[in-house]
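A.B. asks: Mind looking over this structure? Questions follow.
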Amino acid sequence: MLRAEASLTSDPAWQPLVPTGPIRFSEDFAWGVGASAFQAEGGDVPNDWNDQIRTGRFPPNPGNGFFELAEQDFALVASLGFRHYRLSLEWSRVEPERGRFDEAALDRYRAICDAARAAGLTPWVNLFHFTHPRWLVARGGLGTPEGQDDFVRYAEHAGRALQGHADHFHSQNESMVYVFGAYLTGQMPPFGSDGEHAQAMTRVVLSLHARSYAVLKEIDPRNRVATIEVYLDFHPEDPEDAPNVASVRSLDGWYNCILEGLATGHVTLPGAPEEPVAIPGLRGALDLYGFNYYNGTRVGRSGVASVAERPDTPVDAMGRHVHPRGMETGLLRVAEALPGVPILVTENGCPTTDEDFRIRYVASHLAALDRARRAGADVRGYFHWTAVDNYEWAEGFSDARFGLVGFDPATRERHVKRSGLWLRDVIAKGALDPATVP
Ligand code: FCB
């Protein structure tokens, strides 16, 4: 029975965020989990993140054992009721040297996709999640036309190799997080910080998406190919300050230019050139829009911070305020920009070691999803980030744990957390009962 009509959470800071009434999910609502190769597999693969780890710039990454234990993980995740598993290929494993594709690695990825299906999970294979093969970096990376052709050739090879094993693909993860982090703010390899180059790389990643979309559809038109972008809900720090408002608007236009690109085939980037730039093949190059969301982003005099609506807004283990409203805004914005395109939440979750926090966070975001859905966004599913705790990039393995499942680093034995059991019950009932939110 679904009882509550008011928030029952014992924590006043969460009361304005958690759902107050029951939320129902249809039988075909797609429940899934998301993960990426390097974060879950770790290992001594020849990529640029490992090179940085070796210099001490990033923490070590032993992985969580997914590459070896995928069969067990699928059984566990399926037992919780999930029906979809988003994973990625580690490019440097698949193509450790330029033009040499490693059949043993491809065999393992094929077996992983088959095992997912055998467990009742649809594998969604993402081809690029931030890491570059070492050989690509040595040749100048994705900024060169040859590097871009290398990417497309890899996408084609991977798509063909997985034929009959997977038919749901993503060309890349969060292309704009990648552009901003790798070419504008210098936070991830290759650590660039040049606005003009970052704009050029924006056009590159959009074009790589368009080209890989075409290639994957050509291999088999039945392949479902989706983009994945994280939505940053931008806010000016001082809404009264016109220059602050204008610069945030321009940043937002740049960051979210993929919406314009997918809708029209061209993008308008701030500054020169003012004219829209055509990205061949981008218009309509998606079967689904993959929408990631974590928090809101406030930009202004004091730099970049997360959005806190109230002084007591809860903060996660990475110092980010919980802001479900941004998810609702983002879903509606995508729905308006790309009418007729189904939306899938391909990542949402939080870094924490506190299971009450995680349950409240997920419940609050499912409530936001539901509001957006009721206002017209065609949201088909929710993939939680992540299944098993993994390597959170620069945070490494720390308290920034996003998993519904934990593991013992010595034995790699898995244990389902309270949030995993809670979500299992939501899925089984097809409903979120607010009375179950602590
Ligand atoms: C996303 C990344 C993913 C993970 C989550 C927490 O932006 O795509 O790899 O780190 O954040």
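The values are calculated or read from the model by the stated rules, or taken from the named source; none is laboratory data. Nothing here was measured: the structure is a model prediction, and the numbers come from that model. Neighbour counts are summed over all protein chains in view; Cβ atoms, including those assigned to glycine, are modelled from backbone coordinates with ideal geometry. Note: accessible area is taken over every heavy atom of the protein model, side chains too, but ligands, DNA and RNA are not part of it. Shrake-Rupley method; radii C 1.70, N 1.55, O 1.52, S 1.80 Å.
A.B. asks: Looking only at residues that are open to solvent by less than 10 Å² (accessible area, probe 1.4 Å) and more than 20 Å from the chain's Cα centre (by Cα) in the range 130-140, which one is farthest from Phe169 (Cα to Cα)?
C.D. replies: So the residue we want is Leu136.
A.B. asks: Identify the residue in the range 190-202 that is in contact with a Gly (Cβ under 9 Å, 6 or more places away or on another chain) and closer than 20 Å to Asp150 by Cβ and, among all such residues, is least open to solvent (accessible area, probe 1.4 Å).
C.D. replies: Met201
A.B. asks: Can you name the condition, by its number, that Asp28 falls short on among (1) closer than 24 Å to His415 by Cα; (2) exposed (fewer than 15 other Cβ atoms within 10 Å of the Cβ)?
C.D. replies: Here Asp28 meets the rest and fails (1).
A.B. asks: Taking Gly303 as the residue in question, decide whether it is over 23 Å from Leu216 (Cα atoms) and more than 16 Å from the ligand (Cβ to nearest atom).
C.D. replies: The answer is yes for Gly303.
A.B. asks: Still on this model: With a cut-off of at least 3 residues that are open to solvent by less than 10 Å² (accessible area, probe 1.4 Å), name the helices (runs of 4 or more DSSP H) lying wholly within the range 242-352.
C.D. replies: 257-264, 325-337
A.B. asks: A further question follows. State which residue is nearest to Leu288 (Cα to Cα) when the search covers only the range 168-192 and only residues that are assigned to a loop (DSSP other than H, G, I, E, B) and touching an Asp or Glu at 6+ places or on another chain (Cβ under 8 Å).
C.D. replies: Top of the filtered list is Glu174.
Every residue, every condition in (1) in contact (Cβ under 8 Å) with a residue 40 or more places away in the chain; (2) assigned to a helix (DSSP H, G or I); (3) within 20 Å of the chain's Cα centre (by Cα), yes or no:
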{"residue": "Pro59", "(1), (2), (3)": "yes, no, no"}
{"residue": "Asn64", "(1), (2), (3)": "yes, no, yes"}
{"residue": "Leu69", "(1), (2), (3)": "yes, yes, no"}
{"residue": "Gly81", "(1), (2), (3)": "yes, no, no"}
{"residue": "Arg93", "(1), (2), (3)": "yes, yes, no"}
{"residue": "Arg108", "(1), (2), (3)": "yes, yes, no"}
{"residue": "Trp124", "(1), (2), (3)": "yes, no, yes"}
{"residue": "Phe128", "(1), (2), (3)": "yes, no, yes"}
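A.B. asks: Using beta carbons and a limit of 7 Å, which pairs, at least six apart or on different chains, have the first residue in the range 211-230 and in contact (Cβ under 8 Å) with a residue 24 or more places away in the chain and the second one open to solvent by 20 Å² or more (accessible area, probe 1.4 Å) and within 16 Å of the ligand (Cβ to nearest atom)?
C.D. replies: Within 7 Å, the pairs are Val230/Val177; Val230/Tyr294.
A.B. asks: Sticking with this one: Exactly one condition in (1) open to solvent by 30 Å² or more (accessible area, probe 1.4 Å); (2) part of a helix (DSSP H, G or I); (3) among the charged types (D, E, K, R); (4) within 25 Å of Leu423 (Cβ to Cβ) is false for Arg358; which is it?
C.D. replies: All conditions are met except number (1).
A.B. asks: Kindly establish whether Leu216 is open to solvent by less than 10 Å² (accessible area, probe 1.4 Å) and under 19 Å from Thr268 (Cβ atoms).
C.D. replies: Answer is no for this residue.
A.B. asks: Report, by residue number, each residue of the range 426-438 that is over 24 Å from Ala13 (Cβ atoms) and either open to solvent by 40 Å² or more (accessible area, probe 1.4 Å) or free of Cβ contacts under 8 Å to residues at least 60 places away in the same chain (or both).
C.D. replies: Hits for the range 426-438 are Ala428, Lys429.
A.B. asks: Which residue, of Ser88, Ser92, Ser26, Ser10, is within 16 Å of the ligand (Cβ to nearest atom) and hydroxyl-bearing (Ser, Thr, Tyr)?
C.D. replies: Details: Ser92 fails: within 16 Å of the ligand (Cβ to nearest atom); Ser26 fails: within 16 Å of the ligand (Cβ to nearest atom); Ser10 fails: within 16 Å of the ligand (Cβ to nearest atom).
Exactly one of Ser88, Ser92, Ser26, Ser10 is within 16 Å of the ligand (Cβ to nearest atom) and hydroxyl-bearing (Ser, Thr, Tyr), namely Ser88.
A.B. asks: Could you look through the range 220-237, keep only residues that are more than 16 Å from the ligand (Cβ to nearest atom), open to solvent by 20 Å² or more (accessible area, probe 1.4 Å) and of a type outside the set (Asp, Glu), and pick out the one that is farthest from Pro342 (Cα to Cα)?
C.D. replies: By that ranking, first place goes to Pro236.
A.B. asks: So, of the residues in the range 98-152 that are among the polar types (S, T, N, Q) and away from the ligand (no atom under 16 Å from the Cβ), which turns out to be farthest from Gln52 (Cα to Cα)?
C.D. replies: Thr122
A.B. asks: Right, another one. Part of a loop (DSSP other than H, G, I, E, B), farther than 30 Å from Pro62 by Cα and either touching a Leu at 6+ places or on another chain (Cβ under 8 Å) or touching a residue at least 40 places away in the same chain (Cβ under 8 Å) (or both), is that true of Ala377?
C.D. replies: Answer is yes for this residue.
A.B. asks: Sticking with this one: I'm told Ala40 meets every condition in (1) buried (at least 16 other Cβ atoms within 10 Å of the Cβ); (2) more than 16 Å from the ligand (Cβ to nearest atom) except one. Can you identify the failing condition by its number?
C.D. replies: (2)
A.B. asks: Output the number of residues of the range 390-410 satisfying the condition of being under 18 Å from Phe74 (Cα atoms), open to solvent by 10 Å² or more (accessible area, probe 1.4 Å) and in a loop (DSSP other than H, G, I, E, B).
C.D. replies: Residues in the range 390-410 being under 18 Å from Phe74 (Cα atoms), open to solvent by 10 Å² or more (accessible area, probe 1.4 Å) and in a loop (DSSP other than H, G, I, E, B): 1 in total.
A.B. asks: Are any of the residues in the range 155-178 at pLDDT 95 or above, under 22 Å from Gln199 (Cβ atoms), within 19 Å of the chain's Cα centre (by Cα) and open to solvent by 30 Å² or more (accessible area, probe 1.4 Å)?
C.D. replies: yes
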